[in-house]
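The values are calculated or read from the model by the stated rules, or taken from the named source; none is laboratory data. Computed from a prediction, not measured in an experiment: that's the story for all the values here. Cβ placement follows ideal geometry from the backbone for every residue including glycine, while neighbour counts extend to all protein chains displayed.
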């Protein structure tokens, strides 16, 4: 319908501009630090097929089905538009010319129906943004409406072009082929029957060129819009981390070294590619406990600011110049504010829901490293925490000799070569009055099951979790090396923890320092002992129990079933579930070092979670983490809840269900 020579020239210019734009943007990713995201190719291909083409995470949310349809319509219409371009250069190269009617007809019919479906889902997307937008997206985004409008106009031009082309030939052969069975286009074509041939020709030509111009404009708009994710999201699913993002990279401490991420090129290339892959769907924002309680942290905006900063500074950095836009600074587009950085609880909820596997949380924690290690800028209460950790090896600054007071009235042997398990009590379990009761419950369970265990006593030092998550990698590094030397000297191989933060740090972070430890959380161990018949329990009647998933046990390490199985065995009934549970659990507010900081902005996160727990009308809120225990007990007091509602660790629930003679029989 067009003029092949003119179209060829326009196409060539458009394609060259598109390629240049993509090169200019994507080459900036190479400014990032190296990172291996190419190993295990076939596993990565499988991930890409499942999560990019299968849209597994997308359809997990209610509106995700609409995007799933848009995505697959886009793929089908990519073939249709490729045929449009090829036929525009030479009609003898198009599908209609080289495929038989029996094949080309159904193909064009499919293109027609998919174009109609695209119009419908685009209309739904526009209506959603206009009339019932969720609060976690930028509903009136000009960029979004431009793209949605261009897609809709592309469909209109498709129908108009084919309707005008088919109108003169309704009901009979079109020369070398039959009229394609295109129900929508042919229905519109019936409306054009009777118009002068010249008018129909003008309409056909006009719609054809409208289709061509919109298509090429759309192509060249992509690299400059938020819809750059159309180009980056699929490969980002290929590049996804094969394990869980529950550790951070180590640092080398030497003169002249840079610590953390103080400017955009200190991120890895994958971090930068993440910023291009963001669909700005807002799912990360929706589940972020900081955002949901009025804090300035918005994970989607953090990723967007990284992209803006990269685009603003990339050329300057590549030329060896200093960045013109600060990465950390006052609230502004392309700059991430300090109160945003310190609001993160490291719960990992943002990463759990991201459909294209962007890793928001590790980026924020590395920004903290720069504030702590290079600029010494951090909240005032963190000063005391750092001092206590460096001087006494625990957050409270209590003398190490006090670590064994929790077991003063029981037999807790020092760990030795003859001991199978080290019970790594942890700082909360050793020093916090309420959590000492959990330590005693764990000890009772171990004795009842006949487990050989011992403790390090005053030699035990904090695992360092909060140090690392608060950005003090230097102090964490020293603490880890001290602990590893102690473990090796004492022959520690198997470790039991009652704290998910100790569990995750000893199991995952310590591996980066060259030691492989067999670490098990008490919920998993108890579940195993019950299943093997080594731990007898009598179901205890403690009323209605609701269980709260610890972020570091659940999302960071995938342990969901064990605690529920234990509760069922110890109480005779499955625990009740809060609205947000398992991988969608809402943080208690203490992770990421926030346990040691005050919440000055918005609503306290633990208060929000306590209200959610109380909605289930529980008698007992069951937890598996000392931080969660503290946050729930404080929260219940703050909301003036019914004093009959209690908070217990799983170990306490199980210890209460032990037969009275179990412990004595185990010792015999």
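Of the residues making up region 179-201, those that are part of a loop (DSSP other than H, G, I, E, B), touching a helix residue (DSSP H, G or I) at 6+ places or on another chain (Cβ under 8 Å) and over 20 Å from residue 104 (Cα atoms) are 193, 195.
Residue selection: residue 273 satisfies the criterion of being assigned to a helix (DSSP H, G or I), in contact (Cβ under 8 Å) with a residue 40 or more places away in the chain and either in the same structural domain as residue 507 (by TED's automatic domain parsing) or at negative phi (or both).
A quick yes/no check of all residues on (1) outside the structural domain of residue 596 (by TED's automatic domain parsing); (2) modelled with pLDDT of 95 or more:
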{"site": "374", "(1), (2)": "yes, no"}
{"site": "393", "(1), (2)": "no, no"}
{"site": "400", "(1), (2)": "no, no"}
{"site": "411", "(1), (2)": "no, no"}
{"site": "426", "(1), (2)": "no, yes"}
{"site": "429", "(1), (2)": "no, yes"}
{"site": "436", "(1), (2)": "no, yes"}
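A single entry from 496, 526 fulfils the requirement of being assigned by TED's automatic domain parsing to the domain that holds residue 615, farther than 21 Å from residue 346 by Cα and assigned to a strand (DSSP E or B): 496. Scanning region 446-463 for residues that are at positive phi and part of a helix (DSSP H, G or I) gives a single hit, 457. Only one of the listed residues (65, 17) is at pLDDT 90 or above, over 19 Å from the mean Cα position of the chain (by Cα) and not assigned by TED's automatic domain parsing to the domain that holds residue 584. That residue is 17. Does residue 473 satisfy the condition of being at pLDDT 95 or above and buried (at least 24 other Cβ atoms within 10 Å of the Cβ)? Yes: the conditions hold for residue 473.
Residue 415: buried (at least 22 other Cβ atoms within 10 Å of the Cβ) and either in contact (Cβ under 8 Å) with a residue 60 or more places away in the chain or under 17 Å from residue 465 (Cα atoms) (or both), yes or no?
Values: buried (at least 22 other Cβ atoms within 10 Å of the Cβ): yes; either in contact (Cβ under 8 Å) with a residue 60 or more places away in the chain or under 17 Å from residue 465 (Cα atoms) (or both): yes.
It is true that residue 415 is buried (at least 22 other Cβ atoms within 10 Å of the Cβ) and either in contact (Cβ under 8 Å) with a residue 60 or more places away in the chain or under 17 Å from residue 465 (Cα atoms) (or both).
Here residue 231 clears all of (1) surrounded by 15 or more Cβ atoms within 10 Å (Cβ to Cβ); (2) at positive phi except the condition numbered (2).
Of 508, 483, all but one fail to be under 26 Å from the mean Cα position of the chain (by Cα) and under 30 Å from residue 341 (Cβ atoms); the exception is 508.
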